[in-house]
Number of protein chains: 2
Amino acid sequence: MTDKPDSPLPPTTRRRRRHGGLTLRDVAKLAGVAPITASRALNTPDAVSPEILARVREAVERTGYVPNILAGGLASRQTRLVAAIVPTISSPVFLEMIEALTRSLTAAGYQLMLGQSGYADSREEELLEAIIGRRADGVVLTGVLRSPLARRRLLASGIPVVETWDLTPTPVDMLVGFSHSRLGSAVAAYLHERGRRRVAIISATDERARQRTDAFIQTAQALKLAGPDGQVPARYVAAPTTVGHGRTGLRELLAAHPDIDAVFCSSDSLALGVLNEAHAQGIAVPGRLGVIGLGDQGFARDLSPALTTVRIDGNLIGETAAHYILERIAGRQVAEPVCDIGFTIVERSTI
Amino acid sequence: MTDKPDSPLPPTTRRRRRHGGLTLRDVAKLAGVAPITASRALNTPDAVSPEILARVREAVERTGYVPNILAGGLASRQTRLVAAIVPTISSPVFLEMIEALTRSLTAAGYQLMLGQSGYADSREEELLEAIIGRRADGVVLTGVLRSPLARRRLLASGIPVVETWDLTPTPVDMLVGFSHSRLGSAVAAYLHERGRRRVAIISATDERARQRTDAFIQTAQALKLAGPDGQVPARYVAAPTTVGHGRTGLRELLAAHPDIDAVFCSSDSLALGVLNEAHAQGIAVPGRLGVIGLGDQGFARDLSPALTTVRIDGNLIGETAAHYILERIAGRQVAEPVCDIGFTIVERSTI
DNA sequence: ATGAAAGCGCTAACAC
DNA sequence: GTGTTAGCGCTTTCAT
């Protein structure tokens, strides 16, 4: 029979790494219960007797104990963390969604972890790595995931995913968005219906902006809103779109095509710039020039003339996305986890 | 001699909870090394022979392994997470700081976790709890921490803290901000210097706005910029300040005090509203009315007339805060971890 | 209802 | 340079 040696050091000298942080064990000891009982008192209060519950709560109160979510998450495989990736938080169009997401998730006891990809694929992959690394319980993506590698990894991670702000026949998982091409077409049709006959566009250059622009131009051409050469005058600006871009955009557009009578701007900031430039040049809006923006930012309704724009219900996107994620986390399958929330043209006074 | 019983179950039947997730052990096995060696290959590549490094990297590549940061953080007591609390991300003034923070932290291999307190103390405590619970390596606060309980808890947690956007003689830990009262005074003095003689103010109502307003009014009175009754006309609006607030603010101000010749707005959005309302009423800016904003948002320079405003270098706040936190994490004591970054009045055309 | 033991996936500490 | 061992602080599993 082999005699197993005792541990090389006496128990009290056993190397410990504790750095003085307060742990559940300390609380449990103070309450005179086992750690697991203290854990239950905190997580499933109904599963312990009222008396013990009170004792544990008092111990927590007295010590100021804050549970280590890392340790809990590691053991339970639940991090109560949902990540969202947006191109940028500087663009007000995403703000509404982020706030709705924060609200819904917080209410459900989850925390939102926000990442900015800056419209760059490489950064998107980095963020995804951080998200998977932290074992987020869910991910909300802005736009659809393009990189096949990123798609595969995310899928392999098993994390519930909602893609937003766009529609695609092949979502990674769940989807809530709207059709950018239909939006572009709708705006062209709207301008036509309002009697405009020579339209132009100032647009950003990201993928979704491109979809809107293409559709806008195509529909405009079909409706004979193009110039004599069959072209629809367009200016492209890099994100983020600014008021300054709107001003120079209109200036250039007007210089080359003095006969345009309406401009579709791919953001309300651009539209504000166009309005400003028109004012500076003494061009009547909507009299001689119609302007339509995108985003329905707060200021749109407050300008004079009030800005006609296209509204996307970011709030609904955020709430729906949160709902999808939370359902999936709860183990329920969402029946039809694809949602087209559409868009609305908000008629005001600039067209 | 007591015979220690073997483990109650044979090793192979030992209960395991593994749910199929890829772990470092799998990677190590594939590379033919011990887990710790694989860990070193990933975290301290220099501490490992090139040949083994290559083998581990290949194993990672082939399996698509993503380290579990929770587990790593738990063991190493480093989460590579820095949290920031801002009142709201809808207010563009904080955006620049957030972006600088994100940039600096990302570059150093840290992740920013953003929380919105919504100007409410209760929410601030909740967020703090989440931050301590996740064992963030640092916290950046917007404004100074008021609740004594929150101060104590944060201090007790040992997490490095930077308070921003304000100055106080008694910071919790580190500080980078500017004096809101000095700002208010400076604006009053500036208006005086520019020849204005009846000034007014439209302001938000949060703590820092109040400091600015008080100082503005006091200095204005001292410089004889008040009305005949010795009062400085003021409108107060709840956050978030909007263009609409600016419009109604000016309307009300003018109705009650037709002789005012300058307005200090506590945000550029308010100023934009004032500009709009003035335009709608045919009031010349800067001729009859001077306008000064706060924040130097992107559009300020692009308006016509271009908006005179007060610039806060959010970028510098973010970078400095990140620097302080990172230094502290690295175990270095920052010599003077209090920084007044001041402010700048940006002269343009509305005054 | 409560507790003991084991393990979540990783790294610090200590050998060799 | 590489490996062994023992945790990090919590929750799951199983037993009482």
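Looking only at the range A:276-327, count how many residues are open to solvent by 50 Å² or more (accessible area, probe 1.4 Å) and either of a type in the set (Asp, Glu) or over 18 Å from the mean Cα position of the chain (by Cα) (or both).
Restricting attention to the range A:276-327, the residues satisfying the condition of being open to solvent by 50 Å² or more (accessible area, probe 1.4 Å) are A:279-282, A:284, A:287-288, A:298, A:301, A:311, A:313, A:316, A:319, A:323.
In the following step, the residues that additionally are either of a type in the set (Asp, Glu) or over 18 Å from the mean Cα position of the chain (by Cα) (or both) were identified as A:279-282, A:284, A:287-288, A:298, A:301, A:313, A:319.
Qualifying residue count, the range A:276-327: 11.
Is there a residue being at pLDDT 95 or above and either over 16 Å from the mean Cα position of the chain (by Cα) or of a type in the set (Gly, Ala, Ser) (or both) anywhere in the range A:144-151?
no
I'm checking my understanding of the structure. Among residues of the range B:68-94 that are small (Gly, Ala, Ser) and assigned to a helix (DSSP H, G or I), which one is nearest to DNA strand D (Cβ to nearest atom)?
Filtering the range B:68-94 for residues that are small (Gly, Ala, Ser) and assigned to a helix (DSSP H, G or I), the one nearest to DNA strand D (Cβ to nearest atom) comes out as B:75.
I need the full set of residues from the range A:80-90 which are more than 7 Å from chain B (Cβ to nearest Cβ) and crowded, with 19+ Cβ neighbours inside 10 Å, in order please.
If the condition is that a residue be more than 7 Å from chain B (Cβ to nearest Cβ) and crowded, with 19+ Cβ neighbours inside 10 Å, then A:80, A:81, A:82, A:83, A:84, A:85, A:86, A:87 are the ones that fit.
Restricting attention to the range A:98-117, does a residue exist that is among the aromatic types (Phe, Trp, Tyr) and not in a helix (DSSP H, G or I)?
The answer is yes; a qualifying residue exists.
Take the residues of the range A:122-138 that are in contact (Cβ under 8 Å) with a residue 60 or more places away in the chain and more than 11 Å from chain B (Cβ to nearest Cβ): which is most open to solvent (accessible area, probe 1.4 Å)?
Residue satisfying both the conditions and the ranking: A:137.
Residues in the range B:29-72 that are among the hydrophobic types (A, V, I, L, M, F, W, C), open to solvent by less than 30 Å² (accessible area, probe 1.4 Å) and near DNA strand C (Cβ under 8 Å from one of its atoms): how many?
3
Pull out all pairs, ordered by first then second residue, where Cβ-Cβ is under 6 Å, the residues are six or more apart or on different chains, the first lies in the range A:61-79 and is free of Cβ contacts under 8 Å to residues at least 24 places away in the same chain, and the second is open to solvent by 50 Å² or more (accessible area, probe 1.4 Å) and near DNA strand C (Cβ under 9 Å from one of its atoms).
Partner pairs satisfying both residue conditions: A:70/B:74; A:71/B:74; A:74/B:74.
Report, by residue number, each residue of the range A:249-275 that is touching a residue at least 12 places away in the same chain (Cβ under 8 Å) and more than 29 Å from the chain's Cα centre (by Cα).
The answer is A:250, A:251, A:252, A:253, A:254, A:256, A:257, A:259, A:260, A:261, A:262.
Report, by residue number, each residue of the range A:171-203 that is out of contact with any Pro (no Cβ under 8 Å at 6 or more places or on another chain) and either small (Gly, Ala, Ser) or free of Cβ contacts under 8 Å to residues at least 12 places away in the same chain (or both).
Across the range A:171-203, the qualifying residues are A:177, A:179, A:181, A:184, A:185, A:186, A:188, A:189, A:193, A:195, A:203.
Restricting to the range A:245-303, and then to whatever is of a type in the set (A, V, I, L, M, F, W, C) and part of a loop (DSSP other than H, G, I, E, B), can you tell me which residue is farthest from the other protein chains (Cβ to nearest Cβ)?
A:260
Looking at (1) outside any helix (DSSP H, G or I); (2) touching a Lys or Arg at 6+ places or on another chain (Cβ under 9 Å); (3) not charged (D, E, K, R), can you tell me which one residue B:231 breaks?
Condition not satisfied by residue B:231: (2).
For the range A:91-113, enumerate the residues that are within 21 Å of residue A:298 (Cβ to Cβ) and either open to solvent by 50 Å² or more (accessible area, probe 1.4 Å) or not hydroxyl-bearing (Ser, Thr, Tyr) (or both).
A:92, A:93, A:94, A:95, A:96, A:97, A:98, A:99, A:100, A:101, A:103
Looking at the range A:33-67 only, could you name the residues that are within 24 Å of residue A:325 (Cα to Cα) and near DNA strand D (Cβ under 7 Å from one of its atoms)?
A:43 - this is the single residue of the range A:33-67 that is within 24 Å of residue A:325 (Cα to Cα) and near DNA strand D (Cβ under 7 Å from one of its atoms).
Which condition does residue A:230 not pass, out of (1) open to solvent by less than 50 Å² (accessible area, probe 1.4 Å); (2) touching a residue at least 12 places away in the same chain (Cβ under 8 Å), if it passes all the others?
If we test residue A:230 against (1) open to solvent by less than 50 Å² (accessible area, probe 1.4 Å); (2) touching a residue at least 12 places away in the same chain (Cβ under 8 Å), just (2) comes out false.
Within the range B:202-225, how many residues turn out to be surrounded by fewer than 20 Cβ atoms within 10 Å (Cβ to Cβ) and over 28 Å from residue B:145 (Cβ atoms)?
4
Could you please tell me which pairs satisfy a Cβ distance under 6 Å, a separation of 6+ or placement on different chains, a first residue in the range B:103-117 that is in contact (Cβ under 8 Å) with a residue 12 or more places away in the chain and more than 8 Å from every other protein chain (Cβ to nearest Cβ), and a second residue that is assigned to a loop (DSSP other than H, G, I, E, B) and surrounded by fewer than 23 Cβ atoms within 10 Å (Cβ to Cβ)?
Taking only residues 6 or more apart or on different chains, the pairs are B:110/B:80; B:117/B:87.
Collect the residues in the range A:191-215 that are in contact with a Leu (Cβ under 6 Å, 6 or more places away or on another chain), closer than 23 Å to residue A:88 by Cβ and among the β-branched types (Val, Ile, Thr), keeping them in residue-number order.
The one that is in contact with a Leu (Cβ under 6 Å, 6 or more places away or on another chain), closer than 23 Å to residue A:88 by Cβ and among the β-branched types (Val, Ile, Thr): A:202.
Can you tell me which residue is nearest to the other protein chains (Cβ to nearest Cβ) among those in the range A:304-331 that are assigned to a helix (DSSP H, G or I) and of a type in the set (S, T, N, Q)?
Among residues in the range A:304-331 that are assigned to a helix (DSSP H, G or I) and of a type in the set (S, T, N, Q), the one nearest to the other protein chains (Cβ to nearest Cβ) is A:315.
The values are calculated or read from the model by the stated rules, or taken from the named source; none is laboratory data. Model, not experiment: these values are computed from the prediction. Quick reminder, even Gly has a Cβ in these numbers, built from the backbone with ideal geometry, and neighbours come from all protein chains shown. The area values use the complete protein model at the heavy-atom level, side chains included, leaving out ligands, DNA and RNA. Shrake-Rupley method; radii C 1.70, N 1.55, O 1.52, S 1.80 Å.
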